[in-house]
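Novice: To start, I am sharing the structure in question, which I have written as structure tokens.
The values are calculated or read from the model by the stated rules, or taken from the named source; none is laboratory data. Note that this is a predicted model, so its numbers are computed, not measured. Positions of Cβ are generated from backbone atoms using ideal geometry, with glycine treated the same way; all protein chains shown enter the neighbour counts.
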Amino acid sequence: MKDLYGADCRKYEYIKVKAMSVCGRYGYSEIYTPMLEYSEVFQRSIGDETDVVSKEMYTFVDRGHESITLRPEGTAGVIRAAVTESLVQALPVRLMYCGEMFRYDRPQKGRYRQFRQFGCEHIGEKSPYIDAMVIAMASEILNAIGVFDFTVLVNSLGDEETLEAYTKAVVKYFSRHEKSLSPESQVRLTKNPLRILDSKDRHDIEICSMAPIISDYFTKEARSYFGKVMELLDAYGLRYEVDNFLVRGLDYYTHTAFEFKPTTGEFRESIGGGGRYDKLVAMFGGPDISGIGFAFGVERLMMLLSNEHFDTTTKTVAVIPVSNSENDYAFSLFRELHSVGVAAEFIHSGNMSKKMKAADKLGCELALIIGDEERSSDTVSVKFMNATESAIKSRTINAVSTVQFVKNALGGHKS
């Protein structure tokens, strides 16, 4: 688990604000769901045989003898809330969220056991137009935060008839290679064979490369639906690739599935993805309606952003009395600066050498020095902490013009 501070906090807020701004234009509103849910919320929706449920969830029994789980993803909780809060009475429902998720996963670059996701759910409309719009909106979020070099991997899991036929073909194929599969995939073969396609085991991946592809088992309706989605993505001008083995890691997906991957830089793993779900709302006791959603891993997005634009701190002024007799006078100037929105530090401990070193360590742009001479002449001595030319390193100004002078100086208009 990772602490966020400094530039990382600024990146996080930047991503969140940009993403919510984009989704707000598409009519999405915020929702905050609890980080703790009854375990069955995730077990039923995500699927017992997925890695998330079988190996990665933080689950415990509380004092009321209920099985409780820290949310490993956002969709299940949002759909549960949409049903229990009767939001699905007025369709469509468009919700966005940003918050902490928890998975007991193997730590690696960009992956933490407590992490943050930004996601959206569009509930109550089933149409290739909605699918394409949601994928385009997710792409627009990446563009808005400054990520342009990525591709969208897309696939379709088809309808129920497609999945039934494809599952039989997959079982037949993997049964011929059962002894070569990893122990986990051998278990999946009998319980949830499509999960083998999501295996990260090196030998499993090699076997999967020759497995049947789902598009060979599309019904006419499934083929037409996915074809329209791709046609609309072309109309958007989005760069995408069809990945025949993209099934995503969760059981609730049907029809369109998609994933985003960077195409430049060191990090080339998935930064987010999602898909359509037909049965999830009904699973929580809601109407028999479809939905589609996606989520981005915020920490992974943060890795794609340069620190250059996020390492800057607020320009700060140090107000420094030379001796204790000037403390009250200097403190009144400090308060005046804060009252007009100027970030200031009041440094009054130690000798002048220590005070100036403290101002430098705090990264202050200016030091406003007030001694007995300045107080008696109603002036302030100004030292430009980062100046290189001796002519602009320091000057004396009238006390009454200090606030305006500081504003001009911090704004780059030194006079």
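Residues checked against (1) under 24 Å from residue 43 (Cβ atoms); (2) among the charged types (D, E, K, R); (3) at pLDDT 95 or above; (4) surrounded by fewer than 17 Cβ atoms within 10 Å (Cβ to Cβ):
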| position | (1), (2), (3), (4) |
| --- | --- |
| 73 | yes, yes, no, no |
| 82 | yes, no, yes, no |
| 93 | yes, no, yes, no |
| 115 | yes, no, no, no |
| 127 | no, no, yes, yes |
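Novice: Here is a further query. Test each condition in (1) crowded, with 17+ Cβ neighbours inside 10 Å; (2) more than 14 Å from residue 245 (Cβ to Cβ); (3) without any contact (Cβ under 8 Å) to a residue 40 or more places away in the chain for residue 147 and report the one that comes out false.
Specialist: The failed condition is (3).
Novice: Looking at 172, 191 in this structure, which one is over 33 Å from the mean Cα position of the chain (by Cα), surrounded by fewer than 13 Cβ atoms within 10 Å (Cβ to Cβ) and either on the phi < 0 side of the Ramachandran plot or not hydroxyl-bearing (Ser, Thr, Tyr) (or both)? Spell out the reasoning first.
Specialist: Values: 191 fails: over 33 Å from the mean Cα position of the chain (by Cα).
Just one listed residue meets the conditions, 172.
Novice: From the residues in region 194-207 that are surrounded by 18 or more Cβ atoms within 10 Å (Cβ to Cβ) and among the acidic types (Asp, Glu), which one is modelled with the highest pLDDT?
Specialist: To start, the set of residues in region 194-207 that are surrounded by 18 or more Cβ atoms within 10 Å (Cβ to Cβ) comprises 194-199, 204, 207.
From what is left, the residues that are among the acidic types (Asp, Glu) are 198, 204.
On the way: 198: 80, 204: 92.
Result: 204.
Novice: Can you tell me which residues in region 95-128 are over 23 Å from residue 13 (Cβ atoms) and touching a residue at least 12 places away in the same chain (Cβ under 8 Å)?
Specialist: Narrowing region 95-128 to residues over 23 Å from residue 13 (Cβ atoms): 103-108, 122-128.
103, 104, 105, 122, 123, 124, 125, 126, 128 - these are the residues of region 95-128 that are over 23 Å from residue 13 (Cβ atoms) and touching a residue at least 12 places away in the same chain (Cβ under 8 Å).
Novice: Which residue is farthest from residue 26 (Cα to Cα), if the candidates are limited to region 131-185 and must be in contact with a strand residue (DSSP E or B) (Cβ under 9 Å, 6 or more places away or on another chain), part of a helix (DSSP H, G or I) and among the charged types (D, E, K, R)?
Specialist: Only one residue fits best here, namely 160.
Novice: Sort out which residues of region 5-29 are in contact with a helix residue (DSSP H, G or I) (Cβ under 7 Å, 6 or more places away or on another chain), at pLDDT 95 or above and not hydroxyl-bearing (Ser, Thr, Tyr), and write them in order of number.
Specialist: Of everything in region 5-29, those that are in contact with a helix residue (DSSP H, G or I) (Cβ under 7 Å, 6 or more places away or on another chain), at pLDDT 95 or above and not hydroxyl-bearing (Ser, Thr, Tyr) turn out to be 15, 18, 19, 22, 23.
Novice: Which residues, taken from region 377-398, are modelled with pLDDT under 90 and either more than 11 Å from residue 316 (Cα to Cα) or of a type in the set (Lys, Arg) (or both)? Working first, answer last.
Specialist: The initial filter retains those residues of region 377-398 that are modelled with pLDDT under 90, namely 385-395.
Hits for region 377-398 are 386, 387, 388, 389, 390, 391, 392, 393, 394, 395.
Novice: While we're on this one: Among what's in region 236-267 and is without any contact (Cβ under 8 Å) to a residue 60 or more places away in the chain and more than 20 Å from residue 163 (Cα to Cα), pick the residue that is nearest to the chain's Cα centre (by Cα).
Specialist: Only one residue fits best here, namely 266.
Novice: Another question, if that's okay. On the basis of being surrounded by fewer than 18 Cβ atoms within 10 Å (Cβ to Cβ) and either outside the structural domain of residue 243 (by TED's automatic domain parsing) or not small (Gly, Ala, Ser) (or both), does residue 361 make the cut? Working first, answer last.
Specialist: Working: surrounded by fewer than 18 Cβ atoms within 10 Å (Cβ to Cβ): yes; either outside the structural domain of residue 243 (by TED's automatic domain parsing) or not small (Gly, Ala, Ser) (or both): yes.
Criteria met by residue 361.
Per-residue answers, yes or no, for (1) of a type outside the set (A, V, I, L, M, F, W, C); (2) in contact (Cβ under 8 Å) with a residue 60 or more places away in the chain; (3) within 28 Å of residue 26 (Cβ to Cβ); (4) surrounded by 14 or more Cβ atoms within 10 Å (Cβ to Cβ):
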position	(1), (2), (3), (4)
283	no, yes, yes, yes
289	no, yes, yes, yes
293	yes, yes, yes, yes
298	no, yes, yes, yes
303	no, yes, yes, yes
328	yes, no, no, no
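Novice: Within 20 Å of residue 273 (Cα to Cα) and either at pLDDT below 90 or assigned to a helix (DSSP H, G or I) (or both), is that true of residue 98?
Specialist: On the way: within 20 Å of residue 273 (Cα to Cα): yes; either at pLDDT below 90 or assigned to a helix (DSSP H, G or I) (or both): no.
Here the answer is no, as residue 98 does not meet what is asked.
Novice: Another question, if that's okay. Just for region 353-375: of the residues that are of a type in the set (Gly, Ala, Ser) and at pLDDT 90 or above, which one is nearest to residue 321 (Cα to Cα)? Write out each step before concluding.
Specialist: Here is the first cut: in region 353-375, the residues of a type in the set (Gly, Ala, Ser) are 353, 358-359, 363, 367, 371.
Among the residues that remain, those that are also at pLDDT 90 or above are: 353, 358-359, 367, 371.
On the way: 353: 12, 358: 13, 359: 12, 367: 10, 371: 6 Å.
Per the stated criteria, the residue is 371.
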